[in-house]
Amino acid sequence: MQIEQCRNIIMLYRLRDRARRLVEANRKAGNPGAAKIYTQIDDWLAVHMSHAISRARR
């Protein structure tokens, strides 16, 4: 695995973690619209993370 690929995977992991925290924060704050947006962002990042991991394994 190349260093750049590792960095990309780590960055995506951190972004997903941040999105999950924002989902929970917005749910607790009573803002379901924003929570839904961050859930969609998390899903989008999950797809990109799985692609990045599969590319790194080749």
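Numbers for the structure displayed
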{"read-out": "Within the accessible area of the chain (1.4 Å probe), percent carbon and sulfur", "value": "56 percent"}
{"read-out": "Net dipole in debye of the chain [+1 Lys, Arg Cβ; -1 Asp, Glu Cβ; about Cα centre; nearest 20]", "value": "80 debye"}
{"read-out": "Rounded tilt (10° steps) of 3-28 against the dominant C-alpha axis of the chain", "value": "10 degrees"}
{"read-out": "Full-extension gain in nm, D43 to R21, via 0.36 nm per residue minus C-alpha separation", "value": "6.6 nm"}
{"read-out": "Hull-based mean projected area of the chain, where the convex hull spans the alpha carbons, in square nanometres", "value": "3.5 nm²"}
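The values are calculated or read from the model by the stated rules, or taken from the named source; none is laboratory data. Computed from a predicted model, the values in this text were never measured in an experiment. Cβ: placed from backbone, ideal geometry, glycine included. Neighbour counts: every protein chain shown. Note: accessible area is taken over every heavy atom of the protein model, side chains too, but ligands, DNA and RNA are not part of it. Shrake-Rupley method; radii C 1.70, N 1.55, O 1.52, S 1.80 Å.
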